[in-house]
1. Could you list all residues from the range A:189-213 that are over 30 Å from residue B:108 (Cβ atoms), touching a residue at least 40 places away in the same chain (Cβ under 8 Å) and assigned to a helix (DSSP H, G or I)?
2. Pick out the one residue from A:246, A:217 that is surrounded by 21 or more Cβ atoms within 10 Å (Cβ to Cβ), modelled with pLDDT under 90 and at negative phi.
3. Considering B:104, B:78, which residue is among the small types (Gly, Ala, Ser), in contact (Cβ under 8 Å) with a residue 24 or more places away in the chain and outside any loop (DSSP other than H, G, I, E, B)?
4. Considering each residue of the range A:157-170, count those that are under 17 Å from residue A:60 (Cα atoms) and not aromatic (Phe, Trp, Tyr), and give that number.
5. Just to check your reading of the model, which residue among A:176, A:161 is over 29 Å from residue B:99 (Cβ atoms), surrounded by fewer than 15 Cβ atoms within 10 Å (Cβ to Cβ) and of a type in the set (A, V, I, L, M)?
6. Between A:108, A:98, A:71, which is at pLDDT below 95 and within 30 Å of residue B:220 (Cβ to Cβ)?
7. If you scan the range A:101-123, which residues turn out to be within 12 Å of chain B (Cβ to nearest Cβ) and touching a Leu at 6+ places or on another chain (Cβ under 8 Å)?
8. Considering each residue of the range A:91-101, count those that are in contact with a helix residue (DSSP H, G or I) (Cβ under 6 Å, 6 or more places away or on another chain) and either free of Cβ contacts under 8 Å to residues at least 60 places away in the same chain or at positive phi (or both), and give that number.
Amino acid sequence: MAVVFALPVGALLMRSASDPVWGLQNFRSLWEEPVYASLIRNTVQISLATTIGCILLAYPFAHVMATQPRLTRLLTLVVLIPFWSSILVRSFAWMVLLQNNGIINESLLWLGVIGQPLELIFNRTGVLIGMVHVLLPFVVFPLYGSIRAMDPALMPAAACLGAGPVRAFLRVQLPLTLPGLATGAVLVFVMALGFFITPALLGGRRDAVIARMIQLQVSQLGDWGMAATLSLVLLVATLLLLGASQLLVRSPARRVAE
Amino acid sequence: MSQTSHDSHRIGRRSLLAGGATLFAARAAHAQKRFEGQRITYVSWGGAYQDGQKKAYCDPFSEATGLRIDQDGPTDYAKLRLMVGSGRVVWDVVDVGAAFMHGAEQQNLFEKLDYSVIDRSRIDPRYVTECGVGNIVFSYNLAYSTERFTADNHPRVWADFWDLQRFPGKRMLNASAPSTIEVALLADGVAPDKLYPLDIPRALRKLDQIKDNILWWETNSQSQQILVSGAATMGMINNGRVYDSVQKGAKLALSWEQAIQSVDYLVIPRGSRNIAAATALIDYVTRPEPQAEFANLMVFSPTNREAFRLIRPELQEWLATNPAYADKVVLQDGLYWRDNLDAVNRRWTAWRLT
């Protein structure tokens, strides 16, 4: 692990201080050029929103998957089939669905639900729809595992003791499935930080992200130093957030377990 | 490219290909199969584009010289840099874009070409450098929907593109700075010969005027999709993509006024172990026959003017180097972008985020 992973990553990150010459020039331009901070802020916002979207959609989905054995196989396929197709193909498919004269807008107009086409694409909405779609399985499967692992007698027991469904969910099921939820959420968040194809194809002018800049630095400009600097920032931000989420998740889960 | 549109021309294409190959074989008769037993790797952008180059450039050359040409791709500038840097060069001839070509040439990433072997007089001198020979020219044109605009009242120049009153509807532009900055300045009245060095703040102010009406494309297929679907009524788009769309039934037309022209070059990465064969292949590509063959297949314009006599007449109006457009189109300055891409891109991205 140390040799095949840490060494090359370390060597790349080293370039942030050594390329083109030794020194802090890359970090200085990171500080002096406000565009980098804006890109990082954008990236974190998009990743957070994607994570929240994934959780909201994945929880009911995984719940049905885990508690209705007859639907399990079908629902698994529904999540997995798009998971196996190329990200580019999926982005183009969303374009066809979401554009102003796409299927969704045309149907809603025809039904009279809306009078004007909704702006669903080439903006933040489009980016989030595309990214949630791509990353959804990463929350669904850990959550499914957690819900399955729960003792099925617990929820009826809570009801017997007088807890309403909301209260039983919040006090029993949610804390018990929190580890699965957290695993999924962290996976999604970390992967979302590195996305650039979906934001590029489904986003608008303001949806630029840091990974796209890194890609440009490496492929077009050959500026490994600046690319390494931006990667280092992304890595540090990720590690900090991971650490924080570990702290947050541990305490309530432990409380229920004890 | 649609398969059917090519099938109907298969006979013409085949006989042309055979004709070119025979001509070449006859000339090279004294050096019969001079690269027999050797092999090189040809690298280009993949997909139909590279398939076309394989058919037009590589196959006839292999047949005539016995050289085996392996295809690899797509062109990846980071990979090319790493290969040259580490001395393990497995690519021999690579199709690269202009801005990269000029930058990498300056950074000594390519072999200097041997112009005693390559006949550079065949190519327009604007498309030849110390290390690169232009093999195709493409352009970014103003294309518009013929359903939304009539034959006598349609956007023609970039100033029309900015005129939201006369020509309403969404517009589409390239999401990266090169060529988008140029068209903004042309729209603002900068003369084509005064374009470089680009006045970036002026271009961004001009873009501010219409920025809420622009859809941005990141890839060529996306640009095609946005125009064909009608999401935008006009846009800046690669000339070949409009040809392809029209063949497939799209109601689009393009203007040649102020089209921005750019060049792809063939280069040999420094450290290639097959320089002689690679150089001979590049020389072959400067001939009219392979250039015409590629234009017939993919509608990318030749850098050798002689090729036009071998290109199907109905395709000629779609080609960027057509002599009829010579005083309308603007050649993009690769040297400017070599020196300024990094700085402009940072300002460009900052502007996009506002």
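The values are calculated or read from the model by the stated rules, or taken from the named source; none is laboratory data. In this text the structure is predicted, and so the values were computed from the model without any measurement. Positions of Cβ are generated from backbone atoms using ideal geometry, with glycine treated the same way; all protein chains shown enter the neighbour counts.
1. A:189, A:190, A:191, A:192, A:193, A:197, A:198, A:199, A:201, A:202, A:210
2. Values: A:246 fails: surrounded by 21 or more Cβ atoms within 10 Å (Cβ to Cβ).
Result: A:217 is the single residue among A:246, A:217 that is surrounded by 21 or more Cβ atoms within 10 Å (Cβ to Cβ), modelled with pLDDT under 90 and at negative phi.
3. Details: B:78 fails: in contact (Cβ under 8 Å) with a residue 24 or more places away in the chain.
Criteria check complete, one pass: B:104.
4. Taking the range A:157-170 and keeping what is under 17 Å from residue A:60 (Cα atoms), we get A:165-170.
So of that shortlist, the ones also not aromatic (Phe, Trp, Tyr) come out as A:165-168, A:170.
Residues in the range A:157-170 being under 17 Å from residue A:60 (Cα atoms) and not aromatic (Phe, Trp, Tyr): 5 in total.
5. On the way: A:176 fails: surrounded by fewer than 15 Cβ atoms within 10 Å (Cβ to Cβ).
Among A:176, A:161, only A:161 is over 29 Å from residue B:99 (Cβ atoms), surrounded by fewer than 15 Cβ atoms within 10 Å (Cβ to Cβ) and of a type in the set (A, V, I, L, M).
6. Working: A:108 fails: within 30 Å of residue B:220 (Cβ to Cβ); A:71 fails: within 30 Å of residue B:220 (Cβ to Cβ).
The unique qualifying residue is A:98.
7. A:102, A:103, A:105, A:117, A:120, A:121, A:122
8. 1
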